[in-house]
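Each reported figure results from applying straightforward, stated rules to the coordinates on display, with no laboratory input. Since the model is a prediction, treat every value here as computed from it, not as a measurement. Every residue, glycine among them, receives a Cβ derived from its backbone with ideal geometry; neighbour counts consider all protein chains shown.
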Amino acid sequence: MRHVGLDFGTTNSAVSLLDDSGLRLAHYGDEDLYRSVLYFDAEQVDGEVPAAPLSGPDAIREYFEADDSGRFIQSTKTWLGSRLFTFTTIARRPWYLEDLVASILRNLRRAAQTDLGPLGLRPVVGRPVNFTATPDEEANALGEERLVKALEMAGWGEPNFVFEPVAAAYHYERRLSKDELVLIGDFGGGTSDFCALRVGPSFQDSEHEILGTAGVAVAGNAFDSRIVQALVAPHVGLGSSYRTEFGRVMEIPASMFKLRWHELSVLRTPDTLRALRDYHRTALQPERLQRYIDLLEEDLAYRLYRAVESVKIELSRASEAQFTFMDVSQRVLRSDLESWIAPEVGRIESCLDGFLASTGLGADEVDRVFLTGGSSFIPAVRNLFVERFGADAIRAGEELTSVASGLALIARDRGA
Ligand SMILES: Nc1ncnc2c1ncn2[C@@H]1O[C@H](COP(=O)(O)OP(=O)(O)OP(=O)(O)O)[C@@H](O)[C@H]1O
Ligand SMILES: [Mg+2]
């Protein structure tokens, strides 16, 4: 039997296969990282050729090599539980959220099959505990429904859903020689998710009892947004002014500068650009707003993303780092980052404390804490667990692939 797992992440996706020769992850060329992004090149955007966007490493390569700007779209998963975004127009055609997600999933499936062979139609697929920042059953149902539709459109068949942190627990369990009560914390690009369960040799090969789950849609992207607010927004016009038609000087509304990745991807609409050009005409510092217009028109948001991500990654390791983007260059301290993201870390902490209270688990009952997901590298996130459980209780590893690996293990236990 071939058991297949699919982790469709806000930032990175992965596909796993468990068969007679063991458990492995799909590779895409020489990479095992598949960014959950879409790229329509300039010709496709102009409608000159039928739109067939690239994703994963192909999208990244073409985006960076292209001379003319196309449309780069990222963090589509963030919209799954929200009715605020339905479609964006590309090549004069509406692309609904399901179309965008299905395109990524179709490309990913094709690339994974090239490496792993046929993947069948019964994947075990991860989903966050909560799709939104405030737990909402309707939003979760909508998120799941849209994901089912996109998976079907992309040829994956009917998914069997599992909470992402539960999958990480199955991955973690593989290395155990004795039973443990483990708390999992999975900190990705879009969501921070928790679960607790007993794992180990006596539980393997059977469906595990989940002692509790919790989650909140606050993670790496929300941290990025704070970095952008602090380092970039003032350079693209935040806090600058324009002259109204009656000659009054007013500040450009701060709401124009939210600059969140999932929104930036679909922000390049005629309305937004018109509004920006209107402000630009009478702006007191037009050169700042011009940077914003360039950012959207020249499709630079993903370049900005990479600049922000690289400074964030460096600050997980070092106490200072250099941020460079366009003509902005600034030294950043880890303590700066920690103060910018404190509200988000606070929301994650409340979710964790709520989770511990609802499960009734005390620090002495939890044997181990397994931290995974790219954002678990951030010291401020990690410290939430060091403070509560002590450094010795913490385990980590395979941050970007543990969920996918666990999904294939669950597929075997469920006979999927
Ligand atoms: N060393 C690091 N320090 C800080 N953040 C990091 C580091 N490495 C990766 N990240 C961040 O981790 C996030 C990606 O992690 P991951 O691949 O686990 O997310 P995901 O599975 O795509 O998202 P989700 O599970 O929320 O849908 C991004 O926000 C990325 O910037
Ligand atoms: Mg994830």
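Comparing 264, 280, 253 along the charge dipole axis of region 234-298, the residue lying farthest to the positive side is 253, per the Cβ-charge model. Per-residue 3J(HN,Hα) values for region 284-298, derived from phi via the Karplus relation 6.51 cos²θ - 1.76 cosθ + 1.60 with θ = phi - 60°, read 6, 10, x, 5, 5, 5, 4, 4, 5, 4, 4, 4, 7, 5, 8 Hz in sequence order (x marks Gly and Pro). Taking trypsin sites (Lys or Arg not before Pro) across region 58-88, the ones in a DSSP loop with at most 15 further Cβ atoms lying within 10 angstrom of their Cβ are 83. Region 130-170 and region 16-30 have their alpha-carbon centroids 23 Å apart. Loop-located trypsin sites (Lys or Arg not before Pro) in region 120-214 (DSSP state not H, G, I, E or B) with no more than 13 neighbouring Cβ atoms inside 10 Å: 174, 175, 178. Lysine pair count for the chain with Cα-Cα distance under 23 Å and sequence separation of 8 or more or different chains is 4. Note the angle between two axes, namely the Cα long axis of helix 220-231 and the longest principal axis of the Cα atoms of the chain, as a number of degrees from 0 to 90, rounded to the nearest 10. For helix 220-231, the angle is close to 30 degrees. Taking the alpha carbon gyration tensor of the chain, multiplying each eigenvalue by 5 and rooting it gives semi-axes of 37, 27, 18 Å, largest first.
Can you tell me what percent of all Cα-Cα pairs in region 223-320 are more than 21 Å apart?
Working: 1651 of 4753 pairs.
Everything past 21 Å amounts to 35 percent.
Among 246, 87, sorting on how many other beta-carbon atoms sit within 10 Å of each Cβ, with the fewest leading, yields 246, 87. To test your reading of the geometry: what angle, between 0 and 90 degrees and rounded to tens, separates the Cα axis of helix 270-281 from the longest principal axis of the chain? For helix 270-281, the angle is close to 40 degrees.
Each part reduced to its alpha carbon centroid, region 236-288 and region 359-380 end up 42 Å apart. With θ taken as phi - 60° and the Karplus curve 6.51 cos²θ - 1.76 cosθ + 1.60 applied, the whole-hertz 3J(HN,Hα) list for region 22-35 is x, 9, 8, 9, 5, 10, 10, x, 9, 10, 10, 9, 10, 5 Hz, x standing for glycine and proline.
Computed from Cα positions, the angle between helix 402-414 and the longest principal axis of the chain comes to roughly 40 degrees.
Sorted fewest first by neighbouring Cβ atoms within 10 angstrom, 256, 326, 250 come out as 250, 326, 256.
Loop-only check: which trypsin sites (Lys or Arg not before Pro) in region 248-285 are DSSP coil with at most 14 other Cβ within 10 angstrom?
The qualifying sites are 248, 258.
With contributions of -39500 (n - 2.57) from each DSSP H run of at least four residues, the per-residue ellipticity at 222 nm computed over the chain stands at -13000 deg cm²/dmol.
Based on other C-beta atoms within 10 Å, arrange 191, 213, 282, 86 from fewest to most. Spell out each step's value before the answer.
On the way: 191 33, 213 20, 282 15, 86 12.
In order of increasing Cβ crowding within 10 Å: 86, 282, 213, 191.
Taking the DSSP beta bridges with both ends in the chain, the antiparallel portion is around 75 percent.
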